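Contents: one structure, followed by commentary.
What follows is calculated from the coordinates using simple rules that are stated; it is not laboratory data. If you're wondering where the values come from, they're calculated on a predicted model, not measured in any experiment. Note: ideal-geometry Cβ built from the backbone for every residue, glycine included; neighbour counts use all protein chains shown.
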Amino acid sequence: MLTAYIAHPLRGDIDNNLKRVHAICQQYHAQGNIIPISPLHAFGFVDPTGPQELVLKYCCELLSRCDELWLHGDWQKSEGCRMEAEHADRLGIPVRFMEAQSGTCDLCARRKPDCQYYHGVSACKECRDTHKQTTERVDQASKYLFLQRLEATK
Ligand SMILES: [Zn+2]
């Protein structure tokens, strides 16, 4: 079983957005091996037109317990969805684009089916892996320089 956090805009067109998320969750539910976790459902008791600070904290907490984050709808236009994507990215939780519009890698400009949200861009697996390796090499290099400097001060 995979727990998928379903990110979808709420404000703007609350009634229709709730209906859409409801249908999305039903689809995943019907597959039998996915537990769709919808914050719009989970925190339906919170007034969506009121202050959102506390409920955004709830969302981040709930998200940190899920296996993946799945982006739906016009998520780019929703401050909450963008925050969720960034939060999952920081935690190393895979963030998947579930709607057709985002299948192109922003880094190599190729159309790839495995593109995921990665540090604010859409990146294919190859580019994500390359970047991770590069970052690791940079980390190792700066560690080496640090140790050298430490040795020199002795
Ligand atoms: Zn790429």
TODO: Scan around Ser122 for amide H atoms under 5 Å from its own, H built in the peptide plane at 1.01 Å from N, and keep only partners 5 or more places away or cross-chain.
DONE: Asp106
TODO: Quickly estimate the mean residue ellipticity at 222 nm for the chain, helices only: each DSSP H run with n ≥ 4 gives -39500 (n - 2.57), and the total goes over all residues, rounded to 500.
DONE: -16000 deg cm²/dmol
Task: Low-density loop cleavage sites - trypsin sites (Lys or Arg not before Pro) in region 72-132, where at most 14 other Cβ are within 10 Å (DSSP) - done: Arg110
Open item on the list: So if the hydrodynamic radius of the chain is defined as the Kirkwood radius over C-alpha pairs, what does Stokes-Einstein give as its diffusion coefficient at 20 °C and 1.002 mPa s, in µm² per second?
Closed with: 124 µm²/s
Open item on the list: Please list, by residue number, every one of the GluC sites (Glu not before Pro) in region 12-114 that is coil in DSSP and has at most 14 other beta-carbon atoms within 10 Å.
Closed with: Glu99
Task: Footprinting exposure proxy for Tyr28, Tyr117, Tyr144, Tyr58 (fewest neighbouring C-beta atoms within 10 Å first) - done: Tyr144, Tyr58, Tyr28, Tyr117
Task: Cα centroid separation, region 107-154 to region 26-74 (Å) - done: 30 Å
Task: Long-range HN-HN contacts of Ile37 with modeled amide H, under 5 Å - done: Ala4, Tyr5, Ile6
Task: Hits among lysines - C-alpha to C-alpha of Lys132 under 22 Å, sequence gap 8 or more where chains match - done: Lys112, Lys143
Open item on the list: Please arrange Val55, Val46 by how many other C-beta atoms lie within 10 Å of their C-beta, fewest to most.
Closed with: Val46, Val55
